[in-house]
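In what follows, a single structure is set out as structure tokens and then discussed.
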Amino acid sequence: MFKKTIFLSLLILSFSLPATAKNQSGAANLSTMYGRQLFEGNQSLETTNFWGIGLGYNLTANWAVEGFYSRTESDAEGQDGSTTDTKVETYHLDTLYHFRPDTKLVPYVVVGLGAIYSSPEVGPDRDHFLFNYGVGIKYFFLDDLIALRADVRHLVDFPEPDNNLQYSVGLTFQLGKSAPVK
């Protein structure tokens, strides 16, 4: 219920904001994402759904920074064949470069650093450094205030390294715009 209330509030807010350019310089962005996370086999974690939220700022029409958080729960298989629920969270600060920011269809590349934290019900917690990179696309609609967003990322955590893949879809809400240049 809480998630639906937040989503509806943001949707109503987006209708009340003034129209902006496609990927506007100086705009704050709020992104909600849902997708799948695939774990490298030696991690003994099952592929599972995840949700994520990002808060970003467009430094220019092309360049943006974004803080991103995602969470999932996966079953981890033990050596004896038993399973245990494991919470996996990622936190990262990313740099995005948008190609063709003045169009409705805006492809982008992303690279960032952060951490990945896993907490099984049985066994020790794990907190590692994370590097991620990927590609995505945004399609702006509704007076260019909301974009449908799709994203694929390779997450590499160190020191092992372990490889994870996230692919997701969601919405990006462009919450503001820069003042006109005089």
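Can you give me the Rg/Rh ratio for the range 49-182, using Cα atoms for both radii and the Kirkwood formula for Rh?
Checking Rg against Rh, the ratio lands at 1.06.
Pulled fully out, how much extra length does the chain show between residue 73 and residue 148, if you take 0.36 nm times their separation in residues and subtract their Cα-Cα distance?
24.5 nm
Based on the mean of other beta carbon atoms within 10 Å per residue, what is the order of 154-161, 22-29, 90-97, most packed first?
Descending mean neighbour count gives 22-29, 90-97, 154-161.
When the convex hull of the C-alpha atoms of the range 121-182 is computed, what volume per residue in Å³ does it have?
Convex hull volume per residue, Cα atoms: 172 Å³.
Any idea how far apart residue 129 and residue 113 come out in nm if each label point goes 7 Å out from Cα toward Cβ?
0.8
Given the options 48, 170, 76, identify the residue whose Cα lies farthest towards the positive end of the charge dipole of the range 42-173 (+1 on Cβ of Lys, Arg; -1 on Cβ of Asp, Glu).
Comparing the listed Cα positions along the dipole, 170 ranks first.
Sort the range 94-150 into rounded, prolate or oblate with this rule: let a ≥ b ≥ c be the square roots of the eigenvalues of the Cα gyration tensor; rounded if a/c is under 1.5, and if a/c is not under 1.5, prolate when a/b is larger than b/c, oblate otherwise.
prolate
Bear in mind that the values in this text are calculations on the coordinates, not laboratory data. This is a predicted model, so every value here is computed, not measured. All Cβ positions, even for glycine, are placed from backbone atoms using ideal geometry, and neighbour counts span all protein chains on display.
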